[in-house]
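Have a look at the structure below, then the notes.
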Ligand SMILES: [Zn+2]
């Protein structure tokens, strides 16, 4: 038997443990917000890593405002040195999950396994991926293969809310950094036969229009800020939307609709509280928050300028229209280079395990890739893991047992291949 055959057999032999560990992780409701149960979940992962011969360290996100006594932000990293320290392959998974929401037909935190599926909040996004990461490394050890390099597995917090106390914090403190880390694989649920090479950019901004208060019976004495926000919204609909939806990225973003630039209005607030007692007043303030997803080809500066230009034109055309724009969040797009060894190696693994080549995809949203590349300086990063993207954050979320086992195999083969340990 070759070492590859032995490792694949070791994954099959561990199938029950992999599923059980996924269920165990789901049974800890690490709901974010607010960030429940993080220390317990970090310890659960840490104990499993220690039993798989990893050296385990815990990292509290000291200095982050969201790291509080009530909701501590605790990350865990297991490190297992092979024959040499490099290359170092780091497998990262977030263990926070979004709130369950309504519409479940079973307990979102029971970790039920039925009909070849593991159900529960976080099953697909991404506790199955974390289990796959741990057992990919463990199968190699059980098969008696020593890597010509090292492997790390991290469980991190807050990906769903931006990852600042999680992967960003670890990258800022040098734990995920190009000076020590060569490759990063994030087993997010982007289909078991797809390799995810990055994501679009995000620009959240707030626009405020300022009017002038006056008696509602004589509105001509005032300036209505809501009306002026209406002007802006109409111009966005008429002028900006056709332009940006006409643009298409060369990145293989899924679903295809997200290959175009998009804009969503998150919320709007102006004038008096409509549920309260009303007085006759002209609204002197209106605010709206927008979520613009931009393409790597557009870039942030152009994206922002286009919006400022539109607002300036509205202000020039409409008497008394006064506006303010405030940046709330900017996430730059990232893209794994086409010649990254990660793509090749995962594709080889997919051919071996699933009998077919893996297509490339890019994420419509963002994930921790941005911190790995932009803070950690590591360009060799992809997302590859079990689960169907569309099921993430949905009621009755599930991950196929076959998916988890196959992804574990592909990641194990990638660990061997990247460290030149295949025979
Ligand atoms: Zn996720």
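The values are calculated or read from the model by the stated rules, or taken from the named source; none is laboratory data. All of these numbers come straight from a predicted model, not from anything done at the bench. Because the Cβ atoms are built from the backbone with ideal geometry, glycine has one as well, and the counts that use them run over all protein chains shown.
Structure above, values below:
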| quantity | calculated |
| --- | --- |
| Residue satisfying condition, being more than 30 Å from residue 388 (Cβ to Cβ), free of Cβ contacts under 8 Å to residues at least 40 places away in the same chain and in contact with a strand residue (DSSP E or B) (Cβ under 7 Å, 6 or more places away or on another chain), within set 232, 268 | 268 |
| Qualifying residue in the range 120-143 (condition: assigned to a loop (DSSP other than H, G, I, E, B) and closer than 30 Å to residue 318 by Cα) | no |
| Candidates 111, 103, 122, 93 - the one that is away from the ligand (no atom under 16 Å from the Cβ), modelled with pLDDT of 95 or more and touching a helix residue (DSSP H, G or I) at 6+ places or on another chain (Cβ under 9 Å) | 111 |
| Qualifying residue in the range 256-263 (condition: more than 16 Å from the ligand (Cβ to nearest atom) and over 32 Å from the mean Cα position of the chain (by Cα)) | no |
| Residue that is away from the ligand (no atom under 16 Å from the Cβ), buried (at least 17 other Cβ atoms within 10 Å of the Cβ) and closer than 13 Å to residue 19 by Cα, where the choices are 127, 117 | 117 |
| Per-region count, the range 243-257, residues surrounded by 13 or more Cβ atoms within 10 Å (Cβ to Cβ) and at pLDDT 95 or above | 8 |
| Residue match in the range 201-223 (condition: within 16 Å of the ligand (Cβ to nearest atom), touching a residue at least 40 places away in the same chain (Cβ under 8 Å) and closer than 21 Å to residue 332 by Cα) | yes |
| Checking residue 364 against (1) more than 16 Å from the ligand (Cβ to nearest atom); (2) within 30 Å of residue 265 (Cβ to Cβ); (3) touching a helix residue (DSSP H, G or I) at 6+ places or on another chain (Cβ under 6 Å), the condition it does not meet | (1) |
| Residues of the range 1-17 classified as over 21 Å from residue 399 (Cβ atoms), assigned to a helix (DSSP H, G or I) and out of contact with any helix residue (DSSP H, G or I) (no Cβ under 6 Å at 6 or more places or on another chain), total | 5 |
| Complete set of residues in the range 144-165 that are touching a helix residue (DSSP H, G or I) at 6+ places or on another chain (Cβ under 6 Å), within 16 Å of the ligand (Cβ to nearest atom) and in a loop (DSSP other than H, G, I, E, B) | 157, 163 |
| Number of positions in the range 50-72 that are closer than 15 Å to residue 172 by Cα and not in a strand (DSSP E or B) | 4 |
| Tally of residues being in contact with a helix residue (DSSP H, G or I) (Cβ under 7 Å, 6 or more places away or on another chain) and assigned to a helix (DSSP H, G or I) across the range 18-40 | 7 |
| Residue, nearest to the ligand (Cβ to nearest atom), within the range 376-404, restricted to residues that are buried (at least 24 other Cβ atoms within 10 Å of the Cβ) and farther than 17 Å from residue 153 by Cβ | 387 |
| Filtered residues of the range 192-226 (kept if outside any strand (DSSP E or B) and within 19 Å of residue 370 (Cα to Cα)) | 200 |
| Residue 98 within 16 Å of the ligand (Cβ to nearest atom), under 15 Å from residue 158 (Cα atoms), touching a strand residue (DSSP E or B) at 6+ places or on another chain (Cβ under 8 Å) and in contact (Cβ under 8 Å) with a residue 60 or more places away in the chain | yes |
| Selection status of residue 307, crowded, with 16+ Cβ neighbours inside 10 Å and either without any contact (Cβ under 8 Å) to a residue 12 or more places away in the chain or in contact with a strand residue (DSSP E or B) (Cβ under 8 Å, 6 or more places away or on another chain) (or both) | yes |
| Yes/no for residue 373 being within 27 Å of residue 306 (Cβ to Cβ), within 16 Å of the ligand (Cβ to nearest atom) and either within 20 Å of the chain's Cα centre (by Cα) or in contact (Cβ under 8 Å) with a residue 12 or more places away in the chain (or both) | no |
| Some residue of the range 328-348 being surrounded by fewer than 19 Cβ atoms within 10 Å (Cβ to Cβ), within 18 Å of residue 229 (Cβ to Cβ) and touching a helix residue (DSSP H, G or I) at 6+ places or on another chain (Cβ under 7 Å) | no |
| Odd one out for residue 84, checked against (1) within 16 Å of the ligand (Cβ to nearest atom); (2) assigned to a loop (DSSP other than H, G, I, E, B) | (1) |
| Members of the range 362-392 found to be over 14 Å from residue 334 (Cβ atoms) and touching a strand residue (DSSP E or B) at 6+ places or on another chain (Cβ under 9 Å), listed by number | 384, 385, 386, 387, 388, 389, 391 |
